[in-house]
Structures are given as C-alpha cells and as structure tokens.
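For reference, the structure discussed in these notes is given below.
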Amino acid sequence: MDLSKEELKNAHDTMEMWEEDVLTRYPEPKEKAKEDFRNYDDPARDTVREFYKMNHIYQTYDFVRSKEDQYLSLTKKEMTLWDAVEFLNTLVDDSDPDTDLDQTQHLLQTSEAIRADGHPDWFVLTGFLHDLGKVLCLYGEPQWAVVGDTFPVGCKHSDKIVYSEYFSDNPDSTHEIYSDKMGIYSENCGLDNVHMSWGHDEYIYHIMKDYLPEEGLYMLRYHSFYSQHREKAYDHLMNKHDHKLFEWVDKFNQYDLYSKAATPPDVKALRPYYEDLASKFLPDILKF
Ligand SMILES: [Fe+2]
Ligand SMILES: [Fe+2]
C-alpha cells in the first residue's frame, strides 16, 4: 500500500512528536526537564495527548493478538537490510525545513554512539536495526500501532504509564480478567510469556529473533517499555532472567534517547561498515 505524501508526513511527524515527548519526560540527567511539560494549554500538547489517547484506547489484548497473527509469520516482504533502511526512509519529510534527522540518521547516530564507546559489534548492529520495525507505518498501520510507549496487555494497565487515565476507555480495563493485576499471567512468569502492546519493537524483535544474541533481542523488543525502564511498573511479571537482561536494555536506551550528534553521520561513508557487520550476523535477505 502506497501512502500519500500527506500520510507520510503525518506518520513522520507523529514519530518525531512521540520521541520528543519521551525526551521531555526523561531528559538526559544533566539537562533540566523542559518547563512546558506541565503546560497542558499548549496546543502542541493536544496532539501528544490525542496520540496517547488513541494508543491507550485501541491497544486491547484482542487487537494485539490480531496484529501478531497478521505480521509475525513474516510473510509481508523480503528485503535486504539496505532495502529496509531505504524503505523506512521514505518517511522522511523533505518539505519540512525543521526536520532534523531522517530515520537512517537516527539509526546511525544510535549505533555510532554505541561503537564509539567500544561496545561489542552485535550491540552496534542492534543499535542500527532497532527502529526498522517502523516500516509498519508504511504498510498503512496507524501511528498509535507503530510507535508509543509499549505495555503488557491481558492484565491491568499500570497507572505509571504515561496518560494512563485514557485507559478507562479501553474495553480491557473493565474486562473481568484483563483488568486484574495478573490478568492472564502468573506472578513472575517472565516477559517472554507476556503480550506487549503492538508496535515497532515487537515486530523487529521477531524479524531478528534468530540472528542476534539475547541481550540484543531484549533491546529490540523492550526499548519503548518506559513504564518498566523508568518506573518499574511491571516487576510482578518479570523473572530474574528478565531483570538481568534489562541491564542491557537500560544501557541501550541511553543511546537511543541521548545520541543526537551535532554533525549528522555520513550515511554513504558508513554504509560499507554496516553492510559488513550485517553480513556477519544476518542473512542477505531478511523476512519482514
Ligand atoms: Fe524505537
Ligand atoms: Fe530509536
């Protein structure tokens, strides 16, 4: 499905908006929280709020299961890594002079910051891959089903999730089982048994599942699960193994959030390095 220019621009703007909002909520420790965060009269906040509202209302357990059925067989598309990178980049909004970064640059800034700190190559590659699941948007998925904070479904929504008040209009919040603290899960059952709200994290995890070390897979799968990273809202579902691996997720998140460099990375110059790195871990053709 081909999106119109306007649809591409909307999708792009929503992604930027959500990512900026995450940064406002979780500023780099050395920076002060932006003062406008609590300014609810700001019209820009209305768009943010509307986005979370849709996300919170429509991400039901049944919705998630239907998206898992639709996408996780990975029969949608076959692409080389660079095809996927370029496909995602069709989201670039070239009419907007404010656009600071295209998608490839965000991926490269993240991965280059990881590389500069001397981390292992699978970690660098994970940084480069982490947002490729956003191609969901280009299949025509609504933005609230591509980006946004992720959270478990099939159990009670934590009030630590941003704008959690909007869950009151989500049918699961009055469902006999799904509104229970444990819901369909058992205590400390482990996140692998938990269904997360649908978005780019779960999708890219499945695409890469057979190729990266588990630490990298956790980074891909849980990088937008802020209510756990920052608020520890779902310890009751996590097991010891999850906690251990979340140390890596936390490590990764610093790079995802705070790696915007003053000079954009040189995509052309870096491409051979990343193609090489990819060939070490990934098949030539990836199934999406
Ligand atoms: Fe992401
Ligand atoms: Fe990202």
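Across the range 115-131, in residue order, what do the Karplus-derived ³J(HN,Hα) couplings come to in whole Hz, using 6.51 cos²θ - 1.76 cosθ + 1.60 with θ = phi - 60° and x for Gly and Pro?
5, 4, 8, x, 6, x, 5, 5, 5, 4, 4, 4, x, 5, 8, 4, 9
With a 10 Å Cβ neighbour count serving as the proxy for reagent exposure, in which order, fewest first, do Asp13, Asp46, Asp250, Asp2 appear?
The fewest-first ordering by Cβ neighbours comes to Asp2, Asp46, Asp250, Asp13.
Which percent of Cα-Cα pairs in the range 196-277 sits in each 10 Å bin, short to long?
Per 10 Å bin, starting at 0, the Cα pair percentages come out as 15, 41, 32, 11, 1.
Straight-line reach only, C-alpha to C-alpha below 20 angstrom: list the aspartates and glutamates that Lys240 could link to, leaving out same-chain residues fewer than 8 apart.
Result set, ordered by chain and number: Glu187, Asp192, Glu214, Glu215, Glu231, Asp250.
If each DSSP helix of 4+ residues adds -39,500 (n - 2.57) and the sum is divided by the residues in the chain, what number results at 222 nm, nearest 500 deg cm²/dmol?
Computed ellipticity for the chain at 222 nm equals -14500 deg cm²/dmol.
How would you classify the chain from its alpha-carbon gyration tensor, with a ≥ b ≥ c the square roots of the eigenvalues: rounded for a/c under 1.5, else prolate if a/b is greater than b/c, otherwise oblate?
rounded
Would you please give the residues with an amide H less than 5 Å from that of His195, counting only those at least 5 places away or on a separate chain, with H modeled from the backbone geometry?
Close amide H contacts, sequence-distant or interchain: Val153.
At most 10 other Cβ atoms within 10 Å and a DSSP loop assignment: could you name the GluC sites (Glu not before Pro) in the range 74-183 that fit?
Glu176
Leaving out same-chain residues fewer than 8 places away, which lysines sit with a Cα under 16 Å from that of Lys30?
Lys260
Could you tell me how far the Cα centroid of the range 1-21 sits from the Cα centroid of the range 221-237, in Å?
Here the answer is 25 Å between Cα centres.
Among the listed pairs Lys209/Lys244; Lys134/Lys181; Lys77/Lys280; Lys5/Lys134; Lys181/Lys251, give every one whose C-alpha distance is greater than 24 Å.
Flagged as over cut-off: Lys134/Lys181; Lys181/Lys251.
Laboratory data are not the source of any read-out in this text; all were calculated from the coordinates shown. Values in this document were obtained by computation on a predicted structure and should not be read as measured data. Using ideal geometry, Cβ is built from the backbone for each residue, glycine included, and neighbour counts are taken over all protein chains shown.
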